[in-house]
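No lab work stands behind these numbers, since they all come straight from the coordinates. Here the structure is a predicted model, which is why all the values come from computation and not from measurement. Every residue, glycine as well, gets a Cβ built from its backbone with ideal geometry; the counts of neighbours run over all protein chains shown.
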Amino acid sequence: MTAPSPNRTYQQLRAHLATLKLDAAAEALAGVLDEGDDKSHVDVLERLLDIQVTATTTRKRESRRRLAGLPADHRIDDFDFSAQPSVDEALMRDLATMRFVDKAGNILFIGPPGVGKTMLAIGLGHAAIDAGHRVYYTTAADLVARCHKAALEGRWANTMRFLAAPQLLVIDELGYLPLTGEGAAALFQVVNRRYGHGSIVLTTNRGISQWGEIFDDTVVAAAMLDRLMHRSVIVPIDGESYRMRAHQQHTEDLRKALADNTA
Ligand code: ADP
Ligand code: MG
């Protein structure tokens, strides 16, 4: 029996990799083999698998990012902490390690409009995706509308499963719109389903003492808070709106420029 030619072995190897759907390794095969004769078989194998693992990890991460529906690309590193002294940078960096997700803890960002609540919630969402978690972003209003529709169409159980599944659920903008009794009940069910096994990052413009007003029902409000506060970190943010500040700065710069021109 004669040994197969190197060409034939190469073709078989290429075909094996393709059959096993190790596409990145298949594509890299020729290049890796050309990298030099001093490479041992173990080196070549390690290099190929490393290429494949990197490609698979990246593909899965980007797929999680697509499914998460985060509305912007904000990262915690983009947040200007010096402009918002009421946010503890060390705490945010600690939260970004995602230990709170491993403990199914919750985070509540509470503060007036424009202070960066959504930006930080999105930043934590991206950090969770990078750490390998499944994430889903929704506004409170969209969540309630989705649950309402699901109930009408007989998909309630499916929708509850969907909202319970990701390791991190971001619920943005609670309290901007008052919730109907049905809406409050739906939100409560979502929070209750996730209680103890999945994290929630929630943003709201209403202080905890005003939650009765959002839900128009202090009993539901209290029950929801009780679940949310379990292993939770509350991040109150105050100060003026970042957007307003940027706007004021812009106006100030314009005024200066005009004054310089007319001087
Ligand atoms: P909120 O959700 O509290 O209403 P946002 O997170 O939507 O506020 O912030 C309003 C805008 O200002 C966004 O474009 C956000 O990226 C920006 N912003 C707010 N705070 C900061 C900050 N500290 N550093 C950088 N950008 C900020
Ligand atoms: Mg917001």
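Annotation for region 79-146 versus region 210-263: alpha-carbon center distance of 14 Å. Annotation for ARG61 and HIS148: the two label points, set 7 Å from Cα along the Cα-Cβ direction, are 3.9 nm apart.
Ignoring lysines fewer than eight residues from LYS149 along the same chain, none have Cα atoms less than 18 angstrom from its Cα.
Would the chain count as rounded, prolate or oblate if I go by the C-alpha gyration tensor, calling it rounded below 1.5 in a/c and otherwise prolate when a/b exceeds b/c, oblate otherwise? In terms of gyration-tensor shape, oblate.
Taking the average, over residues, of other Cβ atoms within 10 Å as the packing measure, peptides 233-239, 61-67 rank 233-239, 61-67 from highest down.
Net length available on complete extension from ALA246 to LEU33 is 71.2 nm, with 0.36 nm assigned per residue and the Cα-Cα distance removed.
Under a model in which nothing but the beta-carbon of Lys, Arg (+1) and Asp, Glu (-1) is charged, region 76-244 shows a dipole of about 720 debye around its Cα centre. Put a dot 7 Å past the Cα of TYR10, heading toward its Cβ, do the same for ASP80, and the two dots end up 5.6 nm apart.
Between the residues PHE79, LEU29, PHE188, the greatest Cα displacement towards the positive end of the dipole of the chain, with unit charges on the Cβ of Lys, Arg, Asp and Glu, is found for PHE188.
Other residues with beta-carbon under 13 Å from the beta-carbon of ALA185 carry, at +1 per Lys or Arg and -1 per Asp or Glu, a net charge of -2. Which one, THR203, PHE109, GLY132, is farthest towards the positive end of the dipole of region 76-244 when Lys and Arg carry +1 and Asp and Glu -1 on their Cβ? Selected residue: GLY132.
Relative contact order for region 76-244: 36 percent, from Cα pairs under 8 Å spaced at least 6 residues apart, divided by residue count.
Here region 6-68 is treated with +1 on each Lys and Arg Cβ and -1 on each Asp and Glu Cβ, and its dipole about the Cα centre works out to around 660 debye.
With +1 assigned to the C-beta of every Lys and Arg and -1 to the C-beta of every Asp and Glu, and no other charges, what is the dipole magnitude of region 34-108 about the Cα centre in debye, to the nearest 20? Write out the running numbers ahead of the final one.
On the way: 12 positive and 16 negative charges, 133 e Å.
Charge dipole of region 34-108: 640 debye, to the nearest 20.
In summary, the aspartates and glutamates within cross-link reach of LYS117, defined as a Cα separation below 15 angstrom excluding same-chain residues under 8 places away, comprise ASP73, ASP77, ASP78, ASP80, ASP88, GLU89, ASP172, GLU173, ASP238, GLU240. Backbone amide hydrogens, once placed in the peptide plane, bring ARG134 within less than 5 Å of GLN167, LEU168, excluding anything fewer than 5 places away on its chain. Computed over neighbours whose Cβ is under 14 Å from that of ASP216, the net charge equals -2, Lys and Arg +1, Asp and Glu -1. Springs between Cα atoms under 10 Å define the GNM used for the chain, and in it the highest mean-square fluctuation of ALA164, ALA68, ALA55 occurs at ALA55. For VAL235, the residues 5 or more places off, or on other chains, whose built amide H falls under 5 Å of its own are LEU108, PHE109, ILE110.
Each Cα pair under 8 Å and six or more residues apart adds its separation to the average, and for region 1-66 the resulting relative contact order is 28 percent.
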